[in-house]
């Protein structure tokens, strides 16, 4: 009663600020415990060896000789009963990739090499090469990885396919992380990809799948043709992964893979400029999401920003009073929740080394992302890479 009386004695503006702070706090508690908690405490299903399906791994490559020379063998040498690797080589200017794949085919009979001439791809991006690779795939289950990615181990295909736990499953979302290097910027890239992963993987577990990442994604070939492939968004350079998943994934047909051996790794961007360009490309694709998904992706960052603004405002307003200590308590509860759930999610996907940077990186993203969203809506990227 004393606290309520104190609240009623405040000006209308301060009352609104305090209410906004409390609502923002509650919304974020729901976000972390009820949504991100799905990922933090998730356990992967397992199926018997007899039910493992045959798989076509599809890779679209563009002038990727050096990456394929480094990573492709790790895909070809997966420990899995029956699979093929379909590499669609698009616009290879120096022919290095062509001869590399031709020689590699002699060692690995399950490698299928499809060569596209530069003038055949009439659309910007990977969608046409991927469509060709899907058409050439001989198995119903498709698994996608980028040419600059490497499975974390030899069980990658197996772990992704184990998620097809029943006949209704048509889409499996995986996690694509980064190689670890020294430096704060590399840690920031790790945090950013984890934050994105926590959002789309947790949303899928809540029955609202809205995106996937092409460096670790699987779906069935009949689904691709039944939904007319990438036709509805062919003119958008990106979106072969996230827009497609946004259109076809549902509560009933989508599963996720969080097995430690089921992730892929790639090199993060080296500079802030490269990272910003990549994020702009991703945000330009997000404008094609379903309306409800765009609203969902806007609500949580909005309350995240409101929490910090009203936290500081309320602390300043209550500082001369006895009740100022309530503000640090709210901040401490949120911080504990953030670190606890984030750590659990990091453990699920093998991330480490940046937990204590999380609060600082979160604030940085709160500043940068609104700017990128605006730029993404105004300017469309025109390059595959």
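All of the numbers you see were taken from the coordinates with simple rules; none came from a lab. Note that this is a predicted model, so its numbers are computed, not measured. Note that each Cβ is placed from the backbone with ideal geometry, even for glycine, and that neighbours are counted across all protein chains shown.
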Report task. Using just the helices of the chain, give the 222 nm mean residue ellipticity in deg cm²/dmol: DSSP H runs with n ≥ 4 each add -39,500 (n - 2.57), and the total is spread over all residues, rounded to 500. Result -> -16000 deg cm²/dmol
Report task. Please check which bits of segment 143-179 a label hung off residue 252 would reach, taking the label as a point 7 Å along Cα-to-C-beta and the cut-off as backbone N under 18 Å. Result -> 164-172
Query raised in the report: What is the packing order of peptides 364-370, 248-254, taking the mean over residues of other C-beta atoms within 10 Å and listing the highest first?
Result: 248-254, 364-370
**Report entry** Sequence of 110, 190 once ranked by neighbouring C-beta atoms within 10 Å, starting from the fewest
**Finding:** 110, 190
Requested in this report: Work out, step by step, the length gained on full extension between residue 54 and residue 321: first 0.36 nm times the residue separation, then minus their alpha carbon distance; give nm to one decimal.
Outcome: 89.3 nm
**Report entry** Spin-label pair residue 9/residue 305, simplified geometry with 7 Å Cα→Cβ offset, distance in nm
**Finding:** 3.5 nm
**Report entry** Viscosity 1.567 mPa s, temperature 4 °C, Stokes-Einstein D of segment 204-253 from Kirkwood C-alpha radius, µm²/s
**Finding:** 115 µm²/s
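Of the DSSP beta bridges with both residues in the chain, give the percent that are antiparallel, rounding to the nearest 5.
In the chain, DSSP labels about 30 percent of beta bridges as antiparallel.
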**Report entry** Chain lengthening between residue 343 and residue 165 when straightened (0.36 nm per residue, less Cα-Cα)
**Finding:** 61.3 nm
Report summary line: Computed from the beta carbon distance with a Förster radius of 22 Å, FRET efficiency for residue 270 and residue 66 to the nearest 0.05 stands at 0.90
Query raised in the report: Percentage of Cα-Cα pair distances in the chain greater than 27 Å, rounded to whole percent?
Result: 52 percent
Query raised in the report: How big is the Cα convex hull of segment 49-270 in projection, averaged over all directions, in nm²?
Result: 11.9 nm²
Query - Gain upon complete extension [residue 369, residue 22; 0.36 nm per residue less C-alpha separation] - result: 122.5 nm
Query raised in the report: Sorting 226, 158 on the 10 Å Cβ count, fewest up front, what's the list?
Result: 226, 158
Query - Viscosity 0.890 mPa s, temperature 25 °C, Stokes-Einstein D of segment 255-385 from Kirkwood C-alpha radius, µm²/s - result: 138 µm²/s
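Relative contact order for the chain using alpha-carbon pairs under 8 Å, separation at least 6, rounded to a whole percent? If you can, show how the numbers build up before the last one.
On the way: 603 pairs, mean separation 87.5, N = 385.
It rounds to 23 percent for the chain.
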Query raised in the report: Roughly how many nanometres apart are two label points built 7 Å out from the Cα toward the Cβ at residue 235 and residue 96?
Result: 3.6 nm
Query raised in the report: If you take the Cα atoms of segment 204-316, find Rg, then find the Kirkwood Rh from the mean of 1/r over all pairs, what is Rg/Rh?
Result: 1.04
